[in-house]
Amino acid sequence: MQNNNLNQEFKKGFIAQNPVLVQLLGLCPALAVTTTALNALTMGLAVIFVLTLSSVIVSVLRKLIPYQVRIAAFTIIIATFVTIADLFLKANLPELSKSLGPYVPLIVVNCIILGRCEAFASKNSFVRTFFDSLGMGLGFTFALLVLGSLREILSTGAIFSINLFGSGFEPMLVMILPAGAFLGLGVMVAVMNLIVRKK
Amino acid sequence: MKLLFIFLSAAVVNNFVLSYFLGICPFLGVSRKISSALGMGAAVTFVMSLTVVSTWTIYHKVLIPFELQYLQYVVFILVIASLVQIVEMFVKKSYPALYRALGIYLPLITTNCAILGLALFMVLKEYSFIESVVFAVGAGGGFTLALLIMSGIREDLDLADVPGPLKGAGIALIIAGLLALSFMGFSGLISI
Amino acid sequence: MKVLAKMVLVLGLIAALSGFFLAYVNQKTYIRIKENQEKEIARAVFKLIPEGKDYKTSVIQGYRVYFVNDESKHFRGACILTSGSGYQGEIKILVGLSYNFKSIKGIEILENVETPGLGGEISRKSFSSQFERKSVSIPIKCVKGEKKNSNDIQAITGATISSDSVTRIVNRTLKKLVPLIKEYAKQ
């Protein structure tokens with residue numbers, strides 16, 4: 001029973017409550033860094049790191065933090081982990097860090113994280129919180145990776161910079177532009193709507 | 001001339017919403033009515049100007065001299081959150097009419113990524129104080145413009161027959177895509 | 001009163017812990033981040049002046065100028081870091097000059113936000129290599145189609161404004177800075 005429950009917490013983030021495609025949270029990074037699959041994956045991993053660690057800490061401290069200052073406390077915790085992720089990327093993966101630009105620090109205001117801290121972590125044990133945020137984080141990464149791959153394939157004919165179609169490929173430049181991000185995500189949200197509704 | 005370039009670049013050429021994807025949540029959420037779009041736009045522009053003034057001062061006069069740049073994200077977000085609180089209390093007491101118009105949007109602004117994004121871009125682009133303020137006004141103006149256009153389209157869209165799965169967010173995102181395409185026409189508008 | 005005290009205490013504690021933790025991580029990563037930033041410029045500088053071994057950085061009129069020496073400490077050329085507006089935003093360029101400041105060694109586009117696939121092509125070798133060996137004294141001209149004069153470069157098809165912008169930034173920088181650098185090098 002207990003295991004089943006945790007499984008549920010974990011799985012809901014993928015389809016039924018996918019943060020990007022169903023809840024429409026965290027759209028700013030979803031649109032901005034999905035020009036290539038690699039950028040999308042890196043962003044996803046950074047969000048999983050920040051989301052899991054900050055919500056577990058919030059859950060552990062939930063009885064200590066007075067209700068009135070909880071948002072301020074959550075924000076400090078989140079911003080701390082975001083800074084750690086940012087410094088790590090700058091030190092070890094400078095090229096990737098540069099192409100993600102200010103969107104790594106912008107994880108601070110990503111509504112998914114504050115939302116999970118407020119709605120779940122501040123009310124549940126840290127074990128359940130861990131699975132919940134891991135599921136949400138993976139759901140977020142999954143959505144970004146699909147959009148990133150779609151845009152990279154259509155705009156350059158490659159995925160993770162590995163060429164797929166050879167030289168005859170006519171690139172669809174619009175997909176790498178901001179407009180392509182909006183169009184791609186719009187179509188993905190619509191497809192998700194179809195899937196969720198059929199269920 | 002550089003100031004004009006910064007202003008136009010932030011307002012239309014590299015519009016915060018349509019090419020940097022900042023402030024997408026209110027863009028999709030509050031853009032159903034023209035009047036609320038105007039209110040949100042004004043509130044955001046106002047807070048943006050205050051944000052750069054305070055974050056610029058703190059960054060260049062406190063964080064850099066003490067080599068505490070690594071604290072910038074924590075400090076920025078706390079400054080923005082307290083700023084929004086103070087503005088809300090001040091406007092409520094001194095300008096009740098303005099508060100009734102902007103009030104409901106103010107609390108939403110803390111988590112608006114356009115505000116933190118603005119502070120981050122200001123650091124990244126190494127703008128001077130005056131440049132930062134111009135940048136903020138341009139960005140706020142661009143945000144308002146995008147919100148206004150979007151809300152105008154969506155008011156008409158209520159009467160249109162949109163295919164089921166696209167209803168709501170789907171069609172809004174596709175419209176945003178088309179808007180982003182048309183805003184590309186502003187590229188090359190000014191050069192120095 | 002008790003609640004207020006607890007609020008302040010908890011928030012202060014969290015903030016202090018956060019500051020302590022970040023100071024530690026920052027200390028661990030600081031040197032590598034600095035190195036990475038240096039490496040980026042160094043890579044571009046030595047790409048433009050391959051015979052160079054090390055360089056000295058000076059700031060002239062607000063521009064960063066890198067004076068490059070080879071292994072036996074002979075002066076081999078200088079690079080100027082400059083920027084200007086392109087089609088969609090700022091373009092950052094490193095311009096390499098020969099040891100006598102008479103010709104361009106080459107240019108390197110460090111950053112641009114031009115349209116990918118069109119204006120973004122300015123960072124390709126096929127475009128930027130056209131600046132190599134151009135004379136400093138005659139302004140470079142960006143032309144569509146066939147090149148006619150020795151100081152012409154060919155604009156990228158479909159990205160005339162971006163190509164023009166690069167040319168304009170390079171010309172402006174050279175005109176303003178080369179006399180100053182010559183003066184500076186004499187000292």
Only one of C:Lys147, C:Lys92, C:Lys175 that is over 25 Å from A:Leu100 (Cα atoms) and not in a helix (DSSP H, G or I)
C:Lys147
For residues that are over 18 Å from the mean Cα position of the chain (by Cα) and either closer than 30 Å to C:Ser83 by Cβ or acidic (Asp, Glu) (or both), tally how many sit in region B:74-129.
4
Of all residues in region C:18-44 being of a type in the set (A, V, I, L, M) and either under 14 Å from A:Thr83 (Cα atoms) or outside any helix (DSSP H, G or I) (or both), the one that is farthest from the other protein chains (Cβ to nearest Cβ)
C:Ala23
With (1) within 13 Å of chain C (Cβ to nearest Cβ); (2) in a helix (DSSP H, G or I) as the list, and A:Val50 as the residue in question, which single condition is left unmet?
(1)
Given the criteria facing chain C (nearest Cβ under 8 Å) and crowded, with 23+ Cβ neighbours inside 10 Å, does A:Ile65 qualify?
no
Would it be correct to say that A:Thr75 is crowded, with 20+ Cβ neighbours inside 10 Å, part of a helix (DSSP H, G or I), facing chain C (nearest Cβ under 7 Å) and not hydrophobic (A, V, I, L, M, F, W, C)?
no
Every residue from region A:139-160 that is away from chain C (no Cβ under 14 Å), under 19 Å from the mean Cα position of the chain (by Cα) and of a type outside the set (Phe, Trp, Tyr)
A:Gly139, A:Thr141, A:Ala143, A:Leu144, A:Leu145, A:Val146, A:Leu147, A:Gly148, A:Ser149, A:Leu150
Taking the conditions exactly as written (closer than 30 Å to C:Phe101 by Cα and at the interface with another protein chain (Cβ under 10 Å from one of its Cβ atoms)), does C:Glu51 satisfy them or not?
no
How many residues are in contact with a Gly (Cβ under 8 Å, 6 or more places away or on another chain) and of a type in the set (Gly, Ala, Ser) when one looks only at region A:42-73?
1
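For region B:1-78, please list each of the helices (runs of 4 or more DSSP H) lying entirely inside it that holds at least 2 residues being more than 14 Å from chain C (Cβ to nearest Cβ) and farther than 27 Å from B:Phe90 by Cβ.
B:24-29
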On the given criteria, is A:Leu45 within 12 Å of the chain's Cα centre (by Cα), surrounded by 17 or more Cβ atoms within 10 Å (Cβ to Cβ) and touching a residue at least 60 places away in the same chain (Cβ under 8 Å)?
no
What are the residue pairs meeting all of these: first residue in region C:69-89, first residue within 14 Å of chain B (Cβ to nearest Cβ), second residue among the aromatic types (Phe, Trp, Tyr), Cβ atoms under 7 Å, and 6 or more apart or on different chains?
C:Leu81/C:Tyr63; C:Thr82/C:Tyr63; C:Ser85/B:Phe5
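Only the coordinates and a few stated rules stand behind these numbers; no lab work does. Note that the coordinates shown come from a computational prediction; the quantities given were computed from them, not determined experimentally. Every residue, glycine among them, receives a Cβ derived from its backbone with ideal geometry; neighbour counts consider all protein chains shown.
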